[in-house]
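K.L.:
Submitted below is the structure of interest, expressed as structure tokens.
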Amino acid sequence: DGGITQSPKYLFRKEGQNVTLSCEQNLNHDAMYWYRQDPGQGLRLIYYSQIVNDFQKGDIAEGYSVSREKKESFPLTVTSAQKNPTAFYLCASTLGDSRRNEQFFGPGTRLTVL
Amino acid sequence: AQKITQTQPGMFVQEKEAVTLDCTYDTSDQSYGLFWYKQPSSGEMIFLIYQGSYDEQNATEGRYSLNFQKARKSANLVISASQLGDSAMYFCAMREDTGNQFYFGTGTSLTVIP
């Protein structure tokens, strides 16, 4: 079955540590996205990538980094520079640049900083 | 300015009744797409329905329909015959033809009462 996988589902981190969230898709989608969601809030865009080896900052990119070395993979690193990283992180992908193409989402990763 | 506005933080509906969730949007593009997603307590985002700016008819998908009023820039989601499983957060989103970002509203929490 095609879809998006995110791992791990729950992640605990000590303050000052970097941590990498995995996102893999086998939908052959071109564009991939990372969102952050805080309790009771909407989705805020962190980074997105339209093609391999290219990505753009979203609204809240500070303290985060990404890479897109393969079409199917878009890992997100939460660095120690991110002051309040505890949140729910969602990865998404979409087929192309047509306005008709909806986003498909992974199951999410809940990150907690201890 | 907010691209997507959802003014109802929480809604209640009796089981088997219909409910309308409001969404207004702001864009200067002529070509855009509008999406609704459901987010149950588990966290995954489930695509429900799509409406294109040039679509002449309102979109329908099973019990979901979209009341699209282009002149008012509104795209309200109508859920007919509500079920207990409809209790979730609902997000409205937009994608403009001129970009690859999706803009999400802050969501509406729907509770279906038995």
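The values are calculated or read from the model by the stated rules, or taken from the named source; none is laboratory data. Source: prediction; values computed, not measured. For neighbour counting, all protein chains shown are included, and Cβ atoms are generated from backbone atoms with ideal geometry for every residue, glycine included. Side chains are part of the model used for accessible areas, which takes the heavy atoms of the whole protein and leaves out ligands, DNA and RNA. Shrake-Rupley method; radii C 1.70, N 1.55, O 1.52, S 1.80 Å.
K.L.:
Could you tell me whether the range A:78-89 includes any residue that is in a loop (DSSP other than H, G, I, E, B), at pLDDT below 95 and either closer than 24 Å to B:L48 by Cα or within 14 Å of chain B (Cβ to nearest Cβ) (or both)?
P.N.:
no
K.L.:
Please count how many residues of the range A:56-67 are part of a strand (DSSP E or B) and either closer than 21 Å to B:Q2 by Cβ or modelled with pLDDT under 95 (or both).
P.N.:
2
K.L.:
With the requirement that a residue be assigned to a strand (DSSP E or B), open to solvent by 20 Å² or more (accessible area, probe 1.4 Å) and more than 13 Å from chain A (Cβ to nearest Cβ), what does the range B:61-114 give you?
P.N.:
Scanning the range B:61-114 gives B:Y64, B:S65, B:N67, B:F68, B:Q69, B:N76, B:V78, B:T111, B:I113.
K.L.:
Would you be able to tell me the number of residues in the range A:58-77 that are more than 11 Å from chain B (Cβ to nearest Cβ), without any contact (Cβ under 8 Å) to a residue 24 or more places away in the chain and open to solvent by 20 Å² or more (accessible area, probe 1.4 Å)?
P.N.:
Residues in the range A:58-77 being more than 11 Å from chain B (Cβ to nearest Cβ), without any contact (Cβ under 8 Å) to a residue 24 or more places away in the chain and open to solvent by 20 Å² or more (accessible area, probe 1.4 Å): 5 in total.
K.L.:
Could you check the range A:95-110 and list, in sequence order, the residues that are modelled with pLDDT of 85 or more, more than 12 Å from the chain's Cα centre (by Cα) and more than 8 Å from every other protein chain (Cβ to nearest Cβ)?
P.N.:
The one that is modelled with pLDDT of 85 or more, more than 12 Å from the chain's Cα centre (by Cα) and more than 8 Å from every other protein chain (Cβ to nearest Cβ): A:L95.
K.L.:
I'd like the residue in the range B:33-57 that is open to solvent by less than 10 Å² (accessible area, probe 1.4 Å) and in contact with an Asp or Glu (Cβ under 6 Å, 6 or more places away or on another chain) and, out of all such residues, is farthest from the other protein chains (Cβ to nearest Cβ).
P.N.:
That would be B:I49.
K.L.:
I'd like the full set of residues that are surrounded by 14 or more Cβ atoms within 10 Å (Cβ to Cβ), more than 12 Å from the chain's Cα centre (by Cα) and closer than 14 Å to A:S65 by Cα, limited to the range A:17-45.
P.N.:
If the condition is that a residue be surrounded by 14 or more Cβ atoms within 10 Å (Cβ to Cβ), more than 12 Å from the chain's Cα centre (by Cα) and closer than 14 Å to A:S65 by Cα, then A:V19 is the only one that fits.
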